Amino acid sequence: MKRTLFPITISLAVLLTASSGCLYRYQNANCKKRGAAYNAKAEKLEHDAHEKLVIGTKKDMVIRFFQENGIPVTFTPGEASGTIYMAGCAPSGCGSDKVFLGLQVKVDNAGSVISEPHVGGFYTDCL
């Protein structure tokens, strides 16, 4: 009886290890540090954007805000936006730690803010 139980136990352990390997991604200390830095930058950007890019903010102040945050700004009809790329600590299901962080705000023809800003980001190569 012991002989038949041993191969079954080993087979089950291998199967569980192989299947959980796809569900778990090891995150070392450096990865976690990058992830924390990304999260902190995203939270600060969102907070500052809502504080400084209020409705009525003029185009020159919008440009300055983007520059102060290291985000290149692009004006298109009705919107000011920009994106930066960073390294974070990707969750399971992602191929790498590449992440982007974007800021967009609706503006009028003169470039003045007409709505609340939106900050968002995600890992670029996740399933």
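The values are calculated or read from the model by the stated rules, or taken from the named source; none is laboratory data. Small disclaimer: the values here were computed from a predicted structure and weren't measured. Backbone-built Cβ (ideal geometry, glycine too); neighbour counts: all protein chains shown.
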task: Enumerate the pairs (first residue in the range 76-99 and more than 30 Å from residue 114 (Cβ to Cβ) and in contact (Cβ under 8 Å) with a residue 24 or more places away in the chain; second residue anywhere and surrounded by fewer than 18 Cβ atoms within 10 Å (Cβ to Cβ) and of a type in the set (Gly, Ala, Ser)) with beta-carbon separation below 8 Å, excluding pairs fewer than 6 apart on the same chain, so at least 6 apart or on different chains.
output: 88/37; 89/36; 90/96; 97/87; 98/87
message: Looking at the structure I just gave you, is residue 101 at pLDDT 95 or above and under 22 Å from residue 121 (Cβ atoms)?
response: no
message: I'd like the full set of residues that are over 20 Å from residue 40 (Cα atoms) and at pLDDT below 95, limited to the range 78-98.
response: 92, 93, 94, 95
query: Residues of the range 83-104 being among the aliphatic types (A, V, I, L, M) and over 14 Å from residue 37 (Cβ atoms), which ones?
result: 103
